[in-house]
Amino acid sequence: MNNAQTILKHYMQIRMINAKQLAELTGFHHNTVLAWVNGKNEPNFFNVMTCLNAMGYELKIEVKND
């Protein structure tokens, strides 16, 4: 299982939505979302962010200057 697949499955399970519902929320084709969830393809960072935002999550990135 890849990281994107793990992330999407986890948050879809929390929100109790399936791939078709996520596709409707994001505008991605349902076959595309199914391929991501099933691990056949891996979405890029921005597609994962779009999915998380559509499910009501906000992805924040912090850059720390050490």
Exercise. For Ile61 and Met16 in the same chain, what is the full-extension length gain: residue separation times 0.36 nm, less their Cα-Cα distance, in nm?
Worked result: 13.6 nm
Problem set entry | Lys20, Lys9, ranked by accessible area, largest first (probe 1.4 Å) | Lys20, Lys9
Exercise. What's the long-distance tail for the chain, i.e. % of Cα pairs beyond 13 Å?
Worked result: 60
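The values are calculated or read from the model by the stated rules, or taken from the named source; none is laboratory data. It should be emphasised that the depicted structure is a prediction, and the values quoted were computed from it without experimental measurement. Just the protein is used for accessible areas: all its heavy atoms, side chains included, with ligands, DNA and RNA removed. Shrake-Rupley method; radii C 1.70, N 1.55, O 1.52, S 1.80 Å.
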